[in-house]
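Report on the following structure.
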């Protein structure tokens with residue numbers, strides 16, 4: 001029976017003076033990294049061992065101390081829209097998201113919304129990350145985005161159960177078959193949902209969860225109907241049996257429901273410009289497909305959102321696809337960077 005995909009990145013075969021640069025270039029698919037000045041001349045190593053469990057990626061990473069950042073401009077331009085859980089096996093992290101700064105230790109599980117900025121400092125570490133596509137995790141943990149910069153504490157028994165579950169999945173990763181992966185993914189999602197609920201109850205966040213659940217249902221409806229030219233606040237309110245005023249109150253965290261719809265449509269445009277499967281569509285046709293009848297308006301809004309023209313986004317996608325193909329054909333001395341294409345595929 002066929003096993004789930006598995007990839008291993010290592011700097012062991014890279015000349016020592018180039019190891020940090022190779023790792024920085026590879027992990028830039030998720031983070032910008034920078035060493036402290038006192039660490040620049042110290043030996044550097046990085047290892048990443050990853051599995052794809054159906055739609056979820058498990059990745060164990062071991063490396064040296066560094067800053068790991070996602071800047072606001074990157075969250076707008078790279079199309080990464082996932083929730084990541086990260087448990088530390090060894091080491092510590094100063095976890096900074098917005099005004100929230102938390103010191104996490106081995107056993108805690110950090111929660112990242114990768115569509116939002118973060119600025120962390122990791123000591124030399126060994127951690128295990130779980131990357132969930134947004135639409136998948138929203139079905140089980142509607143309030144996940146509100147947890148960005150928060151953590152599931154090691155003092156909570158459900159956190160420890162989730163931690164053990166994730167570690168077990170990783171340990172048995174080399175033996176998991178593709179046929180078994182959907183069921184194992186569901187069990188992971190259910191365990192994750194239970195752990196979030198347990199921590200929320202301890203933190204008195206029940207009302208927030210109810211409100212977040214309704215908001216996530218509306219966001220899900222919007223994502224499912226992005227191609228509908230009649231996707232308007234009036235029709236969304238009608239679909240949920242709400243007044244316009246109530247709809248606007250629920251969606252207040254979106255900073256404007258029409259703005260949210262426009263942004264989601266532009267994100268779809270970004271993903272399709274990056275995809276070789278959509279290369280047969282012209283940029284004008286792609287913009288029209290997602291509600292832009294005027295090419296100039298589409299180009300201006302796209303550049304304002306992502307910091308580049310649509311044609312440059314398409315060229316970047318072609319370059320990334322070419323690099324992924326070249327890396328798959330590289331010699332045995334080159335690190336296996338297959339996980340990078342997995343991250344990009346999760347964003348699609």
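Every number here is computed from the coordinates shown, using simple stated rules; none is lab data. Owing to the predicted nature of the structure, the values given are computational and were not obtained by experimental measurement. A quick note on method: Cβ atoms are made from the backbone with ideal geometry, for glycine too, and the neighbour counts reach across all protein chains shown.
Decide, for the range 1-47, between rounded, prolate and oblate: order the square roots of the alpha carbon gyration tensor eigenvalues as a ≥ b ≥ c, take rounded if a/c falls under 1.5, and otherwise choose prolate if a/b is larger than b/c, else oblate. If you can, show how the numbers build up before the last one.
Values: a/c = 3.37, a/b = 1.96, b/c = 1.72.
Prolate is the answer for the range 1-47, as a/c is 1.5 or above and a/b outweighs b/c.
What does the C-alpha gyration tensor say about the overall shape of the range 113-201? Classify as rounded when a/c is under 1.5, otherwise prolate if a/b is larger than b/c, or oblate. Intermediate values should be presented prior to the final figure.
Values: a/c = 1.43, a/b = 1.25, b/c = 1.14.
Since a/c stays below 1.5, the shape of the range 113-201 is classed as rounded.
Gaussian network model of the chain, Cα springs within a sub-10 Å range: biggest mean-square fluctuation belongs to which of 110, 239, 315?
Top of the fluctuation ranking is 239.
Quote to one decimal, in nm, the extra length available between residue 32 and residue 318 on full extension: 0.36 nm per residue of separation minus the C-alpha distance between them.
Working: separation 286, 0.36 × 286 = 102.96 nm, distance 2.17 nm.
Between residue 32 and residue 318, full extension yields 100.8 nm more.
Could you work out how far the C-alpha centroid of the range 168-191 sits from that of the range 211-238, in angstrom?
Cα centroid to Cα centroid, the span is 32 Å.
For residue 279 and residue 17 in one chain, what is 0.36 nm times their gap in residues minus the Cα-Cα distance, to one decimal in nm? Before the final figure, lay out each step's value.
Details: separation 262, 0.36 × 262 = 94.32 nm, distance 3.91 nm.
Contour length minus Cα-Cα distance gives 90.4 nm.
With a cut-off of 8 Å between alpha carbons and a minimum separation of six or more residues, what is the relative contact order of the range 208-321 in percent?
Once normalised by length, the contact order is 22 percent.
Please work out the FRET efficiency for the pair residue 334 and residue 293, using the Cβ-Cβ distance as r and a Förster radius of 51 Å; give the result to the nearest 0.05.
E(calc), rounded to 0.05, equals 0.65.
Using 1/(1 + (r/R0)^6) with R0 = 45 angstrom and r between the beta carbons of residue 228 and residue 8, what's the FRET efficiency to the nearest 0.05?
0.55
Would you indicate which of (1) 19.8, 71; (2) 40.3, 142; (3) 20.8, 63 is the value of Rg and Dmax of the Cα atoms in Å derived from the coordinates of this structure?
The listed entry that was calculated here is (3).
Please give the calculated 222 nm ellipticity per residue for the chain, where each DSSP H segment of at least 4 residues contributes -39500 (n - 2.57) and the sum is spread over every residue; nearest 500 deg cm²/dmol?
Helices in the chain give a 222 nm mean residue ellipticity of -14500 deg cm²/dmol.
Taking only Cα atoms and a 10 Å spring cutoff, compute GNM fluctuations for the chain and point out the largest among 115, 124, 143.
It is 124.
Working out 0.36 nm times the residue gap between residue 235 and residue 135, then minus their Cα-Cα distance, what length gain in nm do you get to one decimal? If you can, show how the numbers build up before the last one.
Details: separation 100, 0.36 × 100 = 36.00 nm, distance 2.18 nm.
Extra length from residue 235 to residue 135 when fully extended: 33.8 nm.
Using a Gaussian network model on the chain with a 10 Å cutoff between Cα atoms, which of 69, 163, 249 fluctuates the most?
249
Determine, from the Cβ-Cβ distance of residue 308 and residue 101 and an R0 of 35 Å, the FRET efficiency 1/(1 + (r/R0)^6), rounded to the nearest 0.05.
With a Förster radius of 35 Å, E is 0.65.
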